[in-house]
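The structure is given below, and queries will be raised subsequently.
The values are calculated or read from the model by the stated rules, or taken from the named source; none is laboratory data. Nothing here was measured: the structure is a model prediction, and the numbers come from that model. For neighbour counting, all protein chains shown are included, and Cβ atoms are generated from backbone atoms with ideal geometry for every residue, glycine included. Protein only, heavy atoms only, side chains kept; ligands, DNA and RNA dropped before computing areas. Shrake-Rupley method; radii C 1.70, N 1.55, O 1.52, S 1.80 Å.
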Amino acid sequence: MINYVYQLVSPRSFSVKYEEVDFEKGVVVRPRYMAICHADQRYFLGQRDAKVLRQKLPMALIHECCGQVVSDRTGTFRPGQTVVMIPNVPPEVNDGIVFENYAKGSRFLSSGYDGFMREFVEMPLDRLVAFDGVKEPVAAITEFVSVGVHASGRFAAVAHARRDAIGIWGDGSLAYIMACILTRAFPESRIVVVGKDTRKLSLFTFVDETYLADSLPENFQVDHAFECAGGEGSYYAIDDIIRTINPQGAVVLMGVSENKVAVNTRNVLEKGLTMVGCSRSGRSDFEKAVAFMEEPAFQDRLNAIIYEDQPVHSIDDVLRVFATDLNTPFKTAFRWSL
């Protein structure tokens, strides 16, 4: 059967590619709801290096998506069942790498390979996780939540036992997700968020404390920290963390920066800090994320940062939702009806 793939061919410009989809093998899913990530916006706006754009494009965008099963010859899923799709496709042999998202040779859909902006998506069986009781606009951001779940697990494995105060630097979507996860995973810890936008920080009502980055108390200290700022803010966030964290603390780096970031290595060494880089996620993270999201209170918190735009019926609508997302403080989700 002919499938329609909506590819970004150059910044702000899309075309349709036609390909065959085989309903006789694997699992075929029809995408229903999608969410836009900063990575999608960087491709859409042409904010990646020109050489990178030449290598990656043309390419279908979007790696945050949920859908409905159309066909499953294995009988694992029933037609119409709702699933979230895992964009990371690791190789069968990972050479001892513990976490599949760091395996060499992994393919990540919407980063050099077509993402989910298609009429149908043929997926390996193990790249799908069923969900029930989660609103589809919320389910659309499962990949994003799974990244936070992965970071929380990495933190739990490396951080020392003193976890009285855990700091989160950033006030955007990633910081919000981490705050939701950490307050649930470490209820005995004091969760503190440091940001720059008073309006965004006002949504973090469920954490113990919030501070503006330029108004930290002189005696401000945390035992461990998560850097969720990214971009040009990475330098300032990392510098603040190194300055205020207690000795032997764990620093989880999550914010993506296109430029090199200077790090005060003298204080890193003097304090004996552990710095952990976290990116993407694997199947087990998706399964935990879905379990969290099926809890009504957790789902309600996520829903608070999602703006649902009008459905997408055409390429003009695709251009509209990307423009809308530039003015949305947190996450933009939309129904995919192409």
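Tell me, yes or no, whether the stretch 235-253 has at least one residue that is among the acidic types (Asp, Glu) and open to solvent by 70 Å² or more (accessible area, probe 1.4 Å). Steps first, answer last, please.
Step one: list which residues in the stretch 235-253 are among the acidic types (Asp, Glu), which gives 239-240.
Within this subset, residues satisfying the condition of being open to solvent by 70 Å² or more (accessible area, probe 1.4 Å) are none.
Among the residues of the stretch 235-253, not one is among the acidic types (Asp, Glu) and open to solvent by 70 Å² or more (accessible area, probe 1.4 Å), which makes the answer no.
Step by step: first the residues of the stretch 254-269, then only those that are touching a Gly at 6+ places or on another chain (Cβ under 7 Å) and either open to solvent by less than 60 Å² (accessible area, probe 1.4 Å) or within 17 Å of residue 158 (Cα to Cα) (or both), then the one that is modelled with the lowest pLDDT. Which residue is that? Lay out the reasoning, then the answer.
Narrowing the stretch 254-269 to residues touching a Gly at 6+ places or on another chain (Cβ under 7 Å): 255-257.
Those left that are additionally either open to solvent by less than 60 Å² (accessible area, probe 1.4 Å) or within 17 Å of residue 158 (Cα to Cα) (or both): 255, 257.
Working: 255: 93, 257: 85.
It comes out as 257.
Assess whether residue 279 counts as being open to solvent by less than 50 Å² (accessible area, probe 1.4 Å), modelled with pLDDT under 95 and at negative phi.
no
Restricting attention to the stretch 283-338, which residues are open to solvent by 30 Å² or more (accessible area, probe 1.4 Å) and part of a loop (DSSP other than H, G, I, E, B)?
Within the stretch 283-338, 294, 295, 304, 310, 311, 313, 314, 326, 327, 329, 337, 338 qualify.
Look through 255, 272, 249 and report the one residue that is on the phi > 0 side of the Ramachandran plot and in contact (Cβ under 8 Å) with a residue 24 or more places away in the chain. Spell out the reasoning first.
Working: 255 fails: on the phi > 0 side of the Ramachandran plot; 249 fails: on the phi > 0 side of the Ramachandran plot.
Exactly one of 255, 272, 249 is on the phi > 0 side of the Ramachandran plot and in contact (Cβ under 8 Å) with a residue 24 or more places away in the chain, namely 272.
State yes or no: is residue 75 over 14 Å from the mean Cα position of the chain (by Cα) and not in a loop (DSSP other than H, G, I, E, B)?
Details: over 14 Å from the mean Cα position of the chain (by Cα): yes; not in a loop (DSSP other than H, G, I, E, B): no.
No; evaluated as a whole, the condition is false for this residue.
If you take the residues of the stretch 187-214 that are in contact with a Phe, Trp or Tyr (Cβ under 9 Å, 6 or more places away or on another chain) and among the hydrophobic types (A, V, I, L, M, F, W, C), which of them is surrounded by the most Cβ atoms within 10 Å (Cβ to Cβ)?
194
Yes or no, residue by residue, for (1) open to solvent by 10 Å² or more (accessible area, probe 1.4 Å); (2) of a type in the set (A, V, I, L, M):
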| residue | (1), (2) |
| --- | --- |
| 73 | yes, no |
| 77 | yes, no |
| 81 | yes, no |
| 98 | yes, yes |
| 101 | yes, no |
| 108 | yes, no |
| 111 | yes, no |
| 115 | no, no |
| 122 | yes, no |
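Under the condition of being within 17 Å of residue 146 (Cα to Cα) and of a type in the set (S, T, N, Q), which residue from the stretch 83-105 is modelled with the highest pLDDT?
88
While we're looking at this one, here's another question. Just wondering, is there one or more residues in the stretch 238-247 that are part of a helix (DSSP H, G or I), acidic (Asp, Glu), modelled with pLDDT of 95 or more and in contact with a strand residue (DSSP E or B) (Cβ under 7 Å, 6 or more places away or on another chain)?
Scanning the stretch 238-247, I find at least one residue that is part of a helix (DSSP H, G or I), acidic (Asp, Glu), modelled with pLDDT of 95 or more and in contact with a strand residue (DSSP E or B) (Cβ under 7 Å, 6 or more places away or on another chain), so the answer is yes.
Matching residues to (1) touching a Cys at 6+ places or on another chain (Cβ under 9 Å); (2) small (Gly, Ala, Ser); (3) closer than 28 Å to residue 206 by Cβ; (4) modelled with pLDDT of 95 or more:
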| position | (1), (2), (3), (4) |
| --- | --- |
| 271 | no, no, no, yes |
| 292 | yes, no, yes, yes |
| 297 | no, yes, yes, yes |
| 337 | no, yes, no, yes |
